[in-house]
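The values are calculated or read from the model by the stated rules, or taken from the named source; none is laboratory data. Worth saying up front: this structure is predicted, and the values here are computed from it rather than measured. Every residue, glycine among them, receives a Cβ derived from its backbone with ideal geometry; neighbour counts consider all protein chains shown.
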Amino acid sequence: MAKGKDIQLAARLLRAGQPVAIPTETVYGLAANALQDDAVLKIYEAKQRPKFNPLIVHFGNVVQMQRHIADIPETAALLAGAFWPGPLTLLLPKKSSISDLVTAGSSRVAVRIPNHPLTLELLDQLSFPLAAPSANRFGYISPTTADHVEKQLGARIPYILDGGPASIGVESTIVGFEGELPVVFRMGGISYEALTECVGEVEILKKSEKPETPGMLKSHYAPKTPLYVGDPEILLKEFQTEKVGILAFSKTRSGIPSDRQVVLSKSGDLNEAAKNLFAAMHYLDGLGLEVILAEPVPHKGIGMAINDRLERAKQENKVKD
Ligand code: TXA
Ligand code: MG
């Protein structure tokens with residue numbers, strides 16, 4: 001059985017050093033024993049991910065995490081207290097128990113406590129944390145269902161723990177620290193507004209300042225079909241083709257067949273839109289279209305993470321190889 005809800009089987013495979021796909025509230029992860037390099041290597045192989053791209057380490061609780069962290073800024077502790085378990089990843093100085101393979105040589109490790117009942121139970125049964133990137137092929141759209149994982153990686157991994165569709169739908173917000181100042185490396189499931197409400201001043205790393213860690217590679221989250229971002233009414237004039245699909249925020253457009261349009265949230269709810277985003281991209285990418293036209297959403301709350309993912313999925317940002 002390649003897919004199911006068998007936590008014991010998942011635990012046995014992970015203890016044996018095998019990779020297993022796990023559900024989280026953000027997206028599915030491809031997990032392996034974070035303390036065993038041979039196991040971590042299998043993640044990179046299955047995803048075909050370059051080894052200079054570091055991995056997030058998932059813990060079941062803060063006490064487990066503290067064993068592997070050298071120091072925790074006060075603002076980090078505040079954020080952890082407010083948002084864990086949940087869609088927040090913190091970049092913290094690591095101890096030597098976390099290998100360079102996990103952090104790609106960095107002295108900081110990305111850590112988070114995910115908020116999914118199956119995965120929390122799984123972590124509780126294991127004596128080690130789980131390194132897990134999103135369970136997609138490198139550069140492709142992140143998976144929010146077990147089916148998405150199966151299509152991309154099913155033949156390469158022994159088991160997918162099926163926890164249903166992800167409830168948040170975009171990846172975790174990644175926050176590093178300059179002293180006590182929190183710095184957002186990636187917008188995600190915890191909004192900028194929620195962060196500032198918790199700790200006051202928060203900086204957002206500008207694109208130009210972003211380190212060349214490949215997690216920040218522009219080509220991430222991209223469908224195979226060319227995707228353009230902008231006002232669909234305007235873009236439709238530019239792309240005179242029958243085979244056009246629309247990824248809309250809250251309303252459909254006339255003149256395009258309804259099965260080629262996905263509305264992320266009819267009521268204009270950004271949380272609902274985030275939850276539906278990647279499934280919509282997977283769906284439209286499977287239709288064999290010539291272009292996908294994607295409409296930006298209001299740039300606030302989790303909408304900032306949605307717009308970030310649309311930007312990264314854009315045709316002009318794809319790596320050509
Ligand atoms: O919601 C999530 O964060 C999901 C679930 C599975 O937890 N995981 C996820 O992992 O999105 P991944 O590998 O697809 O994205 C993690 C990002 C990458 O951009 C990576 O470069 C960055 O985190 N990252 C990981 N460790 C880092 C480190 N030590 N320093 C800087 N960036 C790091
Ligand atoms: Mg990813």
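Kindly indicate the residue of the stretch 186-207 that is of a type outside the set (A, V, I, L, M) and part of a strand (DSSP E or B) and also farthest from ALA273 (Cα to Cα) among those meeting that condition.
Within the stretch 186-207, the first condition is being of a type outside the set (A, V, I, L, M), and the residues that meet it are 186, 188-189, 191-193, 196-198, 200-201, 203, 206-207.
Within this subset, residues satisfying the condition of being part of a strand (DSSP E or B) are 186, 203.
On the way: ARG186: 18, GLU203: 25 Å.
By that ranking, first place goes to GLU203.
Pairs under 8 Å by beta carbon, first residue within 22 Å of TYR28 (Cα to Cα) and in a loop (DSSP other than H, G, I, E, B) in the stretch 171-185, partner charged (D, E, K, R) and at pLDDT 95 or above, six or more apart or different chains?
Hits for this filter: GLU171/ARG186; SER172/ARG112; SER172/ARG186.
Which count do you get for residues in the stretch 37-71 that are β-branched (Val, Ile, Thr), assigned to a helix (DSSP H, G or I) and within 16 Å of ligand 2 (Cβ to nearest atom)?
Total meeting the criteria: 2.
Given GLU171, GLU178, which one is near ligand 1 (Cβ under 10 Å from one of its atoms), under 27 Å from TYR192 (Cα atoms) and acidic (Asp, Glu)? Lay out the reasoning, then the answer.
Details: GLU178 fails: near ligand 1 (Cβ under 10 Å from one of its atoms).
Residue meeting the stated conditions: GLU171.
Hey, among LEU79, LEU120, LEU101, which residue is within 22 Å of ASP162 (Cα to Cα), part of a helix (DSSP H, G or I) and more than 9 Å from ligand 1 (Cβ to nearest atom)? It would help to see each step written out before you state the result.
Details: LEU79 fails: within 22 Å of ASP162 (Cα to Cα); LEU101 fails: within 22 Å of ASP162 (Cα to Cα).
Of LEU79, LEU120, LEU101, the one residue that is within 22 Å of ASP162 (Cα to Cα), part of a helix (DSSP H, G or I) and more than 9 Å from ligand 1 (Cβ to nearest atom) is LEU120.
Take ILE168 and tell me if it is of a type in the set (A, V, I, L, M, F, W, C), in contact with a Ser or Thr (Cβ under 7 Å, 6 or more places away or on another chain) and more than 21 Å from ALA34 (Cα to Cα).
On the way: of a type in the set (A, V, I, L, M, F, W, C): yes; in contact with a Ser or Thr (Cβ under 7 Å, 6 or more places away or on another chain): yes; more than 21 Å from ALA34 (Cα to Cα): yes.
So ILE168 fits the description; yes.
Can you find a residue in the stretch 134-145 that is of a type in the set (A, V, I, L, M), away from ligand 2 (no atom under 15 Å from the Cβ) and outside any helix (DSSP H, G or I)?
From the stretch 134-145, those of a type in the set (A, V, I, L, M) are 135, 141; that's our starting set.
Subset that is away from ligand 2 (no atom under 15 Å from the Cβ): none.
Looking for residues that are of a type in the set (A, V, I, L, M), away from ligand 2 (no atom under 15 Å from the Cβ) and outside any helix (DSSP H, G or I), one finds none in the stretch 134-145, hence no.
Only one of these is among the hydrophobic types (A, V, I, L, M, F, W, C), modelled with pLDDT of 95 or more, in a strand (DSSP E or B) and within 14 Å of ligand 1 (Cβ to nearest atom): VAL111, VAL149. Name it. Spell out how you get there, then give the answer.
Working: VAL149 fails: in a strand (DSSP E or B).
That would be VAL111, the only listed residue that is among the hydrophobic types (A, V, I, L, M, F, W, C), modelled with pLDDT of 95 or more, in a strand (DSSP E or B) and within 14 Å of ligand 1 (Cβ to nearest atom).
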